1. Please work out if PHE247 is surrounded by 15 or more Cβ atoms within 10 Å (Cβ to Cβ), farther than 30 Å from ALA44 by Cβ and over 18 Å from the mean Cα position of the chain (by Cα).
2. Of everything in region 105-156, what is among the β-branched types (Val, Ile, Thr), closer than 19 Å to ALA58 by Cα and over 15 Å from the mean Cα position of the chain (by Cα)? Give them in sequence order.
3. Within the set of pairs 6+ apart or on separate chains, which have a first residue in region 345-366 that is assigned to a helix (DSSP H, G or I), a second that is surrounded by fewer than 18 Cβ atoms within 10 Å (Cβ to Cβ) and β-branched (Val, Ile, Thr), and C-beta atoms under 6 Å apart?
4. Which residues, counting only those in region 107-120, are part of a helix (DSSP H, G or I) and surrounded by fewer than 23 Cβ atoms within 10 Å (Cβ to Cβ)?
5. Take SER219 and tell me if it is over 19 Å from LEU271 (Cα atoms), modelled with pLDDT of 85 or more, touching a helix residue (DSSP H, G or I) at 6+ places or on another chain (Cβ under 7 Å) and not in a loop (DSSP other than H, G, I, E, B).
6. Here are MET167, MET134: which of them is part of a helix (DSSP H, G or I) and at pLDDT 90 or above?
7. Give all pairs with beta carbons closer than 9 Å in which a residue from region 205-217 that is under 16 Å from LEU262 (Cα atoms) meets a residue that is assigned to a helix (DSSP H, G or I) and of a type in the set (Phe, Trp, Tyr); count only pairs at least 6 apart in sequence or on separate chains.
8. Here's a check for you: in region 357-375, which residue that is small (Gly, Ala, Ser) and within 14 Å of PRO208 (Cβ to Cβ) is surrounded by the fewest Cβ atoms within 10 Å (Cβ to Cβ)?
Amino acid sequence: MLLPELPGFLAELGRPDWVGWIVGLFTVGAFGSRFFSGRLADRAGRVPVMVVGTAVTAVAGVLYSVIHEWGAEWGWVAVGVPWSVALFLVLRLFHGLSTGFRPLGTTAFLTDIAPLERRGEALGLLGVAGNIGMAAGPALGSVLAVEWGYHAMFLVSSGLGWASLWMTYRLPESLPGARPVQWGDLNVFRGPVVDGAAWPSSLALLAPAMSFGTFLTLSPDFVGALGFQYKGAFNATVVLASVAIRFVAGKASDRHGRVPLLVAGAWLLALGMALLAWADTPGEAVLAGVVYGASVGINMPTIFAWTADLASPGKVALALGTMLMALEVGIGVGAVVSGERFGGDVGQIPHLFAANAWLAVASALVLMAWAAVSRRQKGRKGAVG
């Protein structure tokens, strides 16, 4: 709900040049929480981790509203930055904890209950559910912000968080032998914080993640320059394309393998980013958004399923946390770098989209090489057998 309108909100607070930190600090908060959220999910259970992430979302909406209501009256910090801006950035860091906990717990929960041979399909359907929210959210958020103001948008966002929290409490725990949280679970220096088995899927995620960070940062100004009144409507189009392809992408990865599907997703990502770079009209932007959204719909459930396949025994959540660290790094780097390079100059946007297109091409070539090596290794094993 919030992302398409937060650049305008930050401009109203007085620092439009810090737009890259809207996504950047959010991903920093998410990244930091990965150091213990995966371990918590593998020890204390999936539901407690989901509860923490959802509670953060519910509380954050209220705090955004407080900043909006009274932020202008709080004076200035020593370095000349308005208190409202400083508190907003701290809140973005805190809000990132939601993504550090909730998606990881939810994915591990579904991995527990889904049959192995239908894991890709199940995670694809999970993505459909999440993306329906991501499609409706930006559109609803933009309408609320334009018609009733930021205060209404923030409070509705918080209300949805509380509704989700109530539903999450009703879920049965899926982890056998789950125990209460212990203080030692929060000590990042005690026990593993990553699963090395997840490095291939983590590496494959970097290009889609950096492109996503760039897209999230630039799309509000991109569509605004093209004349979109409700900026969230464009995001909704992208997400709906992602939802549509997920109905078949998960099954396809179960049938044809994870890496071949990721190769197709990488080429589609390159095409989508290139089309965004070339778009000069709303119609061209929508077409580019559909192609880009389709690439997300292929890449994300496939990478999640591949990570679960690669996970060390008993460390599914830890492996997912490792992969999601790569997601946060990619999104954060993409957001901050593109935001700094953008600097309010709309003319820079095509160049930044084009750079991500070339990054996707490189990713596709690496994945093709990986697939070729894997085929040769399987051929040798078959010959020996």
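1. Values: surrounded by 15 or more Cβ atoms within 10 Å (Cβ to Cβ): no; farther than 30 Å from ALA44 by Cβ: yes; over 18 Å from the mean Cα position of the chain (by Cα): yes.
Considered against the rule, which asks whether it is surrounded by 15 or more Cβ atoms within 10 Å (Cβ to Cβ), farther than 30 Å from ALA44 by Cβ and over 18 Å from the mean Cα position of the chain (by Cα), PHE247 comes out as no.
2. Hit for region 105-156 is VAL156, nothing else.
3. none
4. So in region 107-120, the residues part of a helix (DSSP H, G or I) come out as 107-113, 116-120.
Of everything in region 107-120, those that are part of a helix (DSSP H, G or I) and surrounded by fewer than 23 Cβ atoms within 10 Å (Cβ to Cβ) turn out to be LEU110, ASP112, ILE113, LEU116, GLU117, ARG118, ARG119.
5. Details: over 19 Å from LEU271 (Cα atoms): no; modelled with pLDDT of 85 or more: yes; touching a helix residue (DSSP H, G or I) at 6+ places or on another chain (Cβ under 7 Å): yes; not in a loop (DSSP other than H, G, I, E, B): yes.
Judged against the criteria, SER219 is not a match.
6. Details: MET134 fails: at pLDDT 90 or above.
Going through MET167, MET134 in turn, just one is part of a helix (DSSP H, G or I) and at pLDDT 90 or above: MET167.
7. Cβ pairs passing all conditions: SER211/TYR292; SER211/PHE353.
8. Of the residues in region 357-375, the ones small (Gly, Ala, Ser) are 357, 360, 362-364, 369, 371-372, 374.
Filter again for within 14 Å of PRO208 (Cβ to Cβ), leaving 357, 360, 362-364.
Details: ALA357: 19, ALA360: 25, ALA362: 12, SER363: 26, ALA364: 20.
So the residue we want is ALA362.
The values are calculated or read from the model by the stated rules, or taken from the named source; none is laboratory data. Just so it is clear, the model here is predicted, and its values are computed rather than measured. For neighbour counting, all protein chains shown are included, and Cβ atoms are generated from backbone atoms with ideal geometry for every residue, glycine included.
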